[in-house]
Amino acid sequence: MEQEIFITEEERKKCRRVAEAFSELYEMENIVVLDVGRYGFVKLQYYKPPHGFEDVITFTDSRSMFEDLWQDWLDTKLYLLGKGTPLLEKGYQGVFESLSKAEQTELIGRKKDFAKTAGIYL
């Protein structure tokens, strides 16, 4: 019986680079990204003992994986900036808008840094 392959070897290499580019996210948030062979990559998020992870997302495309991890990274940064303040009542957009233009530019500029590390062209 032949096993079905869900991700090409080329895309697997690209996804591996994306996963490595966001390594700092895994330290900040309860997220892990794993290579699951022929199935692609999985993002496991929100670990709750004793049942395990609440969210499991499978990726076979490096671009969609990059965008998803970028959004997680940005949301986590905004949460950490607003944590313990009334800013979080306005959501992540409210936290972002409360930052100076220089801080906003720096935060958004990190996307280019991640893309360069991951080999993704924006």
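The values are calculated or read from the model by the stated rules, or taken from the named source; none is laboratory data. These figures come from a predicted structure and were not determined experimentally. All Cβ positions, glycine included, derive from the backbone under ideal geometry; neighbour counts span all protein chains shown.
The single condition from (1) over 19 Å from the mean Cα position of the chain (by Cα); (2) touching a residue at least 12 places away in the same chain (Cβ under 8 Å) that ALA118 fails is (1).
Test TYR39 against the stated conditions and say whether it is surrounded by fewer than 16 Cβ atoms within 10 Å (Cβ to Cβ), within 26 Å of ILE7 (Cα to Cα) and touching a residue at least 12 places away in the same chain (Cβ under 8 Å). Yes: the conditions hold for TYR39. The residues of the stretch 12-36 that are touching a residue at least 60 places away in the same chain (Cβ under 8 Å), assigned to a helix (DSSP H, G or I), buried (at least 16 other Cβ atoms within 10 Å of the Cβ) and under 12 Å from the mean Cα position of the chain (by Cα), listed by number, are VAL18, ALA21. Within the stretch 76-90, residues that are under 19 Å from ILE108 (Cα atoms) and touching a residue at least 40 places away in the same chain (Cβ under 8 Å) reach partners that are assigned to a helix (DSSP H, G or I) and of a type outside the set (Val, Ile, Thr) with beta carbons closer than 6 Å, at six or more positions or on different chains, in the pairs THR76/MET28.
Of all residues in the stretch 67-108, those that are surrounded by 13 or more Cβ atoms within 10 Å (Cβ to Cβ), of a type in the set (Asp, Glu) and modelled with pLDDT under 95 total 0. Of the residues making up the stretch 56-66, those that are in a helix (DSSP H, G or I) and surrounded by 15 or more Cβ atoms within 10 Å (Cβ to Cβ) number 4.
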